[in-house]
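The values are calculated or read from the model by the stated rules, or taken from the named source; none is laboratory data. All values reported here derive from a predicted model rather than from experimental measurement. Neighbour counts are summed over all protein chains in view; Cβ atoms, including those assigned to glycine, are modelled from backbone coordinates with ideal geometry. With ligands, DNA and RNA removed, areas are computed over all heavy atoms of the protein, side chains included. Shrake-Rupley method; radii C 1.70, N 1.55, O 1.52, S 1.80 Å.
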Amino acid sequence: MTDEQKTIAFVVYPGLTPLDLVGPLQVLSALAEFVPSYRTVVVGATKDTVGTDTPLRIAPSHTFDEVPSPFAVLVPGGTVPTLHAMSDENLLAWLRTAAAGAELVTSVCTGSLILGAAGLLEGKEATTHWMLRDVLTGLGAKPVARRWVEDGRVITAAGVSAGIDLALHLVERLAGRQVATNVQFVIEYDPEPPQGALDWANQPYGDLKPLRERTLREGLAGNPALLEKLLAHT
C-alpha cells in the first residue's frame, strides 16, 4: 500500500451471504484497476477461513487490527448468522472505531442491522432486505424502501443483489460516471431476469413471514432484550 492509497474494507464474519460481499467487492476491485489510488481488502477477526450460508468458505486478506482506519467500510448481510453477529462485540468495536474516521460507511442487505447494532444508524435513513426493513426502526434508523439509501456518509443497500448497484453508485461517487460505466461494462452488468422485474405491489410477504419470524427468533435467541426491542417495532 502506498501512502496515497485509500482502503475500502469489506467485512467478513461467519455465515454471511457471499453475494452480499463478492458482488460489491468485484465492482470496487475493478475501480482499483482504473484508479490505483483505491485498494480493496477483506477484513475479519482472524485470517482463518469462515463459512458462509452456502458451501463456499471465505478467507480474509487482513485482520481487523491490520486495518484500523479504512477510507470506506462495507458490511455484508445474511440470515441467522448475521443476527448473531449483532452481538459480536469484537466486530462492533472495530466498526465503531473504523467508522469514526471513515469517509463512507456502507452495508448490503441485513448488514445494515449490524451497523445499527454498532450504533451507526441513529437518526439515519437506511434500508435492508425488504423482509426485515421495519426492524431498522428499533435500531434508531428511519427505514426507506429504495434500492440503496444515502444519508451523508452512510449508504445502505437493499437485499443481496442490490449490493452491485450500491457499488456502482460508489464508483460513480468516487471516480465519476465514465469510470462507473467502464466498470459496469467490465462486469457486463445488464440484468434481464427470466421472471422479469419484481412486482413490489405483490411481494410474497405472507409466504415468507414464517421464515422472517424464525430468522429473528433463532438469530437473536442469545440476545432476548434486543429481540424484544426489535419485535416491538414490527
> Please report, for the Cα atoms of region 88-167, the Rg to one decimal and the Dmax as a whole number; what are they, in angstrom?
Replying inline: 11.3, 31
> Taking the alpha-carbon centroid of each part, what is the distance from region 75-92 to region 124-159 in angstrom?
Replying inline: 16
> Which percent of the accessible heavy-atom area of the chain goes to carbon and sulfur, probe 1.4 angstrom?
Replying inline: 53
> What would the Debye formula give as log10 I(q)/I(0) at q = 0.29 Å⁻¹ for the alpha-carbon point model of region 47-112, no solvent?
Replying inline: -1.43
> Where in the chain lies the longest segment free of trypsin sites (Lys or Arg not before Pro) that are both loop residues by DSSP (not H, G, I, E, B) and have at most 15 other Cβ atoms within 10 Å?
Replying inline: 48-145
> Rounded to two decimals, what is Rg over Rh for region 3-140 when you use alpha-carbon atoms and the Kirkwood radius?
Replying inline: 0.94
> Where a ≥ b ≥ c are the square roots of the eigenvalues of the C-alpha gyration tensor, would you call region 99-234 rounded, which needs a/c under 1.5, or, failing that, prolate if a/b is larger than b/c, or oblate?
Replying inline: oblate
> Near LYS229, which lysines are there with a Cα under 19 Å away, not counting those fewer than 8 places off in the same chain?
Replying inline: LYS124, LYS142, LYS209
